[in-house]
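Some notes on the structure that comes next.
The values are calculated or read from the model by the stated rules, or taken from the named source; none is laboratory data. Note that the coordinates shown come from a computational prediction; the quantities given were computed from them, not determined experimentally. Cβ sites come from the backbone with ideal geometry, for glycine too, and all protein chains shown count toward neighbours. Side chains included, ligands, DNA and RNA excluded: accessible areas come from the protein's heavy atoms. Shrake-Rupley method; radii C 1.70, N 1.55, O 1.52, S 1.80 Å.
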Amino acid sequence: MAVYTDISEDDLKWFLTEYDAGTLLSYKGIAEGVENSNFLLHTTKKPLILTLYEKRVEKADLPFFLGLMQHLAARGVSCPLPLPRKDGALLGTLSDRPAALISFLEGMWLRKPEAKHCREVGKALAQMHIAAEGFELKRPNALSLEGWKLLWDKSEARADEVEKGLSAEIRGEIDFLSAHWPKDLPAGVIHADLFPDNVFFLGDELSGLIDFYFACNDLLAYDVSIILNAWCFEKDGAYNITKGTAMLEGYQSVRPLNSAELAALRVLARGSALRFFLTRLYDWLTTPEGAMVTKKDPLEYLRKLRFHRQVASAVEYGLSA
Ligand SMILES: Nc1ncnc2c1ncn2[C@@H]1O[C@H](COP(=O)(O)OP(=O)(O)O)[C@@H](O)[C@H]1O
Ligand SMILES: N[C@@H](CCOP(=O)(O)O)C(=O)O
């Protein structure tokens, strides 16, 4: 559940007077998501999503996120479009939080994605990478090597509470990644969180991408490693090579990966597994009991990280010859 901040009907009605959004008919908090507070609004015009930006989103980054959605939507990516206020601004304030209205996207996220869906996700990610070219704002990835070290510093003392021996293992992993992280690969704007809950489908057709609040400038192949991690493992922890093949084929049908990117995939996948392990671990250790948010299991990503460590080459991810 992610509604951290309540809003009153009167405040919301007042907030809406700044927009040409029609008159409020109803609104309700959305249970899903972990970062921000989201509400579905019905007005006399189109349905809208109201987002109140919470703790982990820097206000200074909001023009990047909202501008990126505008840039992508203008280039044919199906993603939410921020609704400007009457004064042209994309951001307002509600319940003391920065707040925005974005268009409602039809579709549902898939609880049990299949290989055919992975192919579509691969394609959509590559299309997003290409459509983002020319976006003029920049945002370094706050959750890359330096960010991982900062997160780890905050969690290390209690890591062995989660699993004995974890502290030494993760320190070793950070050292390895610091020494081997690739530098000269194609870079651009990445989504950085394209998990199943951020991709909508209508039937088997991908209807849109949401949640650009981790988007940043980084290595494009790192984003590929994120979707392999997020979509291609089964509940029992096994890597599904059929899904991996479909995903990589889908991606490469739009943007072929070069040989350096393919060679780096294993290290990138270790990095992305570590990244989600670390944010989940931090949340696991710091979210108070009874908070209105579903904590995600850090150990799922520890298991993925261990899998990538024993992968000998990118062929094992399902690259077709
Ligand atoms: N533009 C949108 N159209 C339809 N539903 C949306 C949209 N944006 C968010 N949602 C709903 O809100 C949920 C949480 O949104 P998300 O952006 O993932 O939140 P968070 O950033 O807090 O993780 C989504 O799973 C979806 O159900
Ligand atoms: N995808 C991340 C958590 C971020 O959640 P989202 O609701 O913003 O996609 C994870 O699974 O750890």
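Helix 259-286: angle to the longest alpha-carbon principal axis of the chain, degrees 0 to 90, nearest 10?
Its long axis makes an angle of about 60 degrees.
Please list, in order along region 215-226, the HN-Hα scalar couplings obtained from phi with the Karplus expression 6.51 cos²θ - 1.76 cosθ + 1.60 (θ = phi - 60°), rounded to whole Hz, x for Gly and Pro.
Residue by residue, region 215-226 yields 4, 5, 8, 6, 6, 4, 5, 5, 4, 5, 5, 5 Hz.
Given the whole protein assembly as supplied and a 1.4 Å probe, what does the accessible area of Glu169 come to in Å², nearest 10?
Its heavy atoms expose roughly 40 Å² to the probe.
Rounding to the nearest 10 and keeping the result within 0 to 90°, find how far the Cα-based axis of helix 298-309 lies from the longest principal axis of the chain.
Once rounded, one gets 40 degrees.
Quick one: putting +1 on the C-beta of Lys and Arg, -1 on the C-beta of Asp and Glu, what dipole do you get for region 194-288 around its Cα centre, in Debye to the nearest 20? Let's see the in-between values first.
Details: 7 positive and 11 negative charges, 71 e Å.
Roughly 340 debye, rounded to the nearest 20.
Using alpha-carbon positions, what is the distance between the centroids of region 213-236 and region 33-81, in Å?
21
Karplus couplings for region 72-89 from phi (6.51 cos²θ - 1.76 cosθ + 1.60, θ = phi - 60°), rounded to Hz, Gly and Pro as x?
5, 4, 5, 9, x, 7, 7, 8, x, 10, x, 8, x, 6, 4, 8, x, 6
Tell me the label-point distance for the pair His180, Asp11, using the 7 Å Cα-to-Cβ offset, in nm and rounded to one decimal.
The two pseudo-label positions are separated by 4.9 nm.
Using a 1.4 angstrom probe, figure out how much accessible area region 98-179 has per residue, in square angstrom, rounded to the nearest whole. Could the numbers behind the result be given before it?
On the way: 4270 Å² over 82 residues.
Computed with neighbouring chains in place, this is 52 Å² per residue.
Two decimals, Cα atoms only, Kirkwood Rh: what is Rg/Rh over the chain? Don't jump to the answer; show the numbers that get you there.
On the way: Rg = 19.8 Å, Rh = 20.5 Å.
Rounded to two decimals, Rg/Rh equals 0.97.
Using only the Cα atoms, what convex hull volume per residue in Å³ does region 195-321 have?
Numbers: hull volume 17.4 nm³, N = 127.
Looking at region 195-321, the number lands at 137 Å³ per residue.
May I ask which residue of Tyr19, Gly29, Val267 lies farthest towards the positive end of the charge dipole of the chain, with charges of +1 (Lys, Arg) and -1 (Asp, Glu) on Cβ and the Cα centre as origin?
Val267
Per residue of region 3-16, what does 6.51 cos²θ - 1.76 cosθ + 1.60 with θ = phi - 60° give for ³J(HN,Hα)? Whole Hz please, x for Gly and Pro, Karplus curve as stated.
With the stated coefficients, region 3-16 comes to 10, 7, 10, 7, 10, 9, 4, 5, 4, 5, 4, 5, 4, 6 Hz.
Work from the charge dipole of region 115-317 (Cβ charges, +1 for Lys and Arg, -1 for Asp and Glu, about the Cα centre) and give the residue of Phe277, Tyr251, Ala314 farthest towards its positive end.
Of the listed residues, the answer is Ala314.
Report P(r) for region 58-191: all Cα-Cα distances, bin width 5 Å, range 0 to the bin holding the largest distance, values in whole percent.
Going from the shortest bin to the longest, the percentages are 2, 7, 12, 14, 14, 14, 16, 12, 7, 2, 0, 0.
Taking the Cα atoms only, what angle lies between the long axis of helix 166-180 and the longest principal axis of the chain, rounded to 10 degrees?
On a 0 to 90 degree scale, this one is about 90.
Would you kindly work out the equivalent ellipsoid of region 129-256 from its C-alpha gyration tensor and give its semi-axes, the square roots of five times the eigenvalues, largest first in whole Å? Don't jump to the answer; show the numbers that get you there.
Numbers: eigenvalues 155, 83, 43 Å².
Working from the Cα gyration tensor, I get semi-axes of 28, 20, 15 Å.
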